[in-house]
1. List the number of the failed condition for Asp287; all other conditions in (1) in contact with a Gly (Cβ under 8 Å, 6 or more places away or on another chain); (2) free of Cβ contacts under 8 Å to residues at least 40 places away in the same chain hold.
2. Please go through (1) over 15 Å from Arg452 (Cβ atoms); (2) modelled with pLDDT of 95 or more; (3) assigned to a helix (DSSP H, G or I); (4) out of contact with any Asp or Glu (no Cβ under 7 Å at 6 or more places or on another chain) for Asp507 and return the number of the only condition it doesn't satisfy.
3. Could you tell me whether segment 504-520 includes any residue that is of a type in the set (Ser, Thr, Tyr), buried (at least 20 other Cβ atoms within 10 Å of the Cβ) and more than 18 Å from Asn313 (Cβ to Cβ)?
4. Taking segment 455-466 on its own, how many of its residues are under 15 Å from Ile308 (Cα atoms) and surrounded by fewer than 17 Cβ atoms within 10 Å (Cβ to Cβ)?
5. Identify, by number, the condition in (1) among the small types (Gly, Ala, Ser); (2) within 27 Å of the chain's Cα centre (by Cα); (3) buried (at least 20 other Cβ atoms within 10 Å of the Cβ); (4) modelled with pLDDT of 95 or more that Ser186 doesn't meet.
6. Where the second residue is charged (D, E, K, R) and loosely packed, with under 15 Cβ neighbours inside 10 Å and the first is at negative phi and lies in segment 208-234, which pairs have Cβ atoms under 6 Å and are six or more apart or on separate chains?
7. Evaluate segment 378-390: report whether one residue or more is touching a residue at least 40 places away in the same chain (Cβ under 8 Å), within 20 Å of Leu345 (Cα to Cα) and out of contact with any Phe, Trp or Tyr (no Cβ under 6 Å at 6 or more places or on another chain).
Amino acid sequence: MLAENIRAPACFDWKNPDYTAVLKQRLERLQKIRATPQHLPALRLHYQNHIAQFLDDWAVTVDPRVAAKGRSAFMPLKLFPKQVELVNWFIALWKSGEPGVLVKARDIGASWLAMATACSLCVFHKNMMVGIGSAKEDKLDRSGDPDTLFYKGRQFLANLPQEFRGGFDVTKNSAHLRIIIPETGSSITGEAGDQIGRGGRKAIFFLDESAHIPRPQLIDAALATATDCRIDMSSVNGSANSFAERARSGKIKRFDFGWRDDPRKDGRWYAQKASELDPVTLAQEIDCNFAASAEGLLIPSNWVQSAIGAHRNLGIEPTGMKYSGFDVADAGANRCALAARHGILLERLQSWSGQGGDLYRSTVRAFSLLDEWGYAQDSFMYDSDGLGAGIRGCADRINEDRTAAHRGRVRVQAFRGSGAVWNPRDQMVKGSVNEDYFLNLKAQSWWALRMRFEQTWRAMQGLPYQREELISINPNLPELTALVLELSQPTYARTASGKLTIDKVPDGARSPDLADSVMIAFAPSTRTMEMWIKLGKP
C-alpha cells in the first residue's frame, strides 16, 4: 500500500518534531538523484503516479506560529496517515471525474495539501488546468500573506528541488491568482465570490471554505459545466448552506477529517480549545457537528468526545454482558453497520455497503464478524423494522448450519424501534412512565443512549457516577470520526400528545447507520435479553 511506502522517521514525535533526520534524509536522496541523473525520468514517472509519496519526500510547509517555539517557520511536510489518505482521495476523485466533499476540523493542513496536490498534478501532467475558489479574493491571494492559498502554492513550488519544479520561477511564472508551470503548460487559477466557475474548464476545482460562500446557488451551475471534479472543502458552518446539503446528502463522496485524526492533537489540546471557544463554535469548527446550533440536539458533541476512552480515563475495566447491534441496508448510500459492546465499552464497529447484496449475505457477514470478534456466543440484536424484518429467517438458517457444523448458535433478538416501549409502566425519566414519555422504542433507546453520554460527561467533570450508567468508546475504532459525527446528528421533539420523538435525519442528512447500530447495542431492551439468559431461554 502507498501509506507503507511513506518514509517517516522511526518514532517520529508529531507534537515536538525534530526535522533534523528528515532534512538529512532528503539531502542524501537529492545527492543520489544528482549523481545518477539518468534515473530521473523513471523517478518522475513514479512520482506522477504516487503524489502522496512525492509530497512526503520533498514538500515544505510554512507556519509562522512555530517561530515563538524557537523553530523555523519553514519545515519539511511529513504526512501522517490521514493526510496520506486525503491526498489519495483527491487523486482518486480526479481520475474518476467525480465530485467530493471534505468535512474537516480546523487546522489539519487541508489547504496546504490541496495546493500541494494541485501544484504536483501540474508539474507531472501536461496541460493540466486546476481551479481554486474561495468566498473572498484576499483568502486566495494577497501579497506576502502566508494564510492565502496561492502563497502556499508558490512556497511549495519554490522550495522543491529544481529537478521537480517543472521550470517554475516565482518571478516569471506567477501573477495574481495564477501559477504557471512552463515545462508542462499547466496552470492554477483562482476565482472568488460569485465569479467562481466562470474562468473556463478545469480538470479539478478545489472550493475552499465552501460552507462560508454567501451565494452558492450562483456558482453551482457554473461549476457544473466547468469541471467534473469539484471538491468542496470546509469546516462546518451550521446546516443551512449548500456545503452542508452536499455533505449530508449521501449522494457525493465524502471525506471526514476530524481533530482526532491529527497526531499533533490530544485531549489536552481539545480541552484548551473548549476553554477558548464558545460551545457552538467548538462543536462546528472542531467537532465538525452540523447540528451544533440545531434546536433539540439529542447528544451534544462534547458529550460524545468525553466518552472516547472514558473507561481508561476513569480507571474502569469493562465487565459484564456482551451485546451487538446490527443495522442493515441493501441499496443507495446507506450502509450495513455492526456494533459490539462489552458492558459499557463500545469495543468494535464496522460498516460495509449493502448495495448489490442481499439480507442473507449481509447476515452471514455480520455473524462472521461476531466470530472474529469473539461475540458469536453472545446477544445479537438487529433492526427488525422494514428491510430488517427478514433477518430472523436468515439468522435461523445460518444457525441451523452452525449447529450441523457443531458450532455455537448466535443468540438473536429483534429490535423493533417502531414498537412499544420497554417496561411501559416503569420510569426511565423520573416523573413520567415510559409509555407516556416516549413515542416508541426507538425514541426510548436513543434517549437512553443520550443519558449514558450525559452521565459520562458528568463523570469526566469529576461528578459522582454509577459505572453501569456510562458509555465508553474504543478510541482505536477505524470509523471513529464518522461515528462521532453521526452520534451528534439526531434531534428530538414532542408530538401533539407530548411524547418524545426522534428525528435521525434532520435537514435531509443521510442516515446515521453507525450510530443506529450503537443505539441498538445499548438499547434498554437488552436487559430483557439478560433476564431471558438468566432464565435459560434461547
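1. (2)
2. (2)
3. Checking segment 504-520: at least one residue is of a type in the set (Ser, Thr, Tyr), buried (at least 20 other Cβ atoms within 10 Å of the Cβ) and more than 18 Å from Asn313 (Cβ to Cβ).
4. 2
5. Every condition holds for Ser186 apart from (2).
6. Within 6 Å, the pairs are Ala222/Arg198; Ala226/Arg201.
7. yes
Yes or no, residue by residue, for (1) at pLDDT below 95; (2) within 33 Å of the chain's Cα centre (by Cα); (3) not in a helix (DSSP H, G or I); (4) not small (Gly, Ala, Ser):
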residue: Val130; (1), (2), (3), (4): no, yes, yes, yes
residue: Asp138; (1), (2), (3), (4): yes, yes, no, yes
residue: Asp147; (1), (2), (3), (4): yes, yes, yes, yes
residue: Gly153; (1), (2), (3), (4): no, yes, no, no
residue: Gly197; (1), (2), (3), (4): yes, yes, yes, no
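The values are calculated or read from the model by the stated rules, or taken from the named source; none is laboratory data. Computed from a predicted model, the values in this text were never measured in an experiment. When we count neighbours, we look across all protein chains shown, and the Cβ atoms used for this are built from the backbone with ideal geometry, even at glycine.
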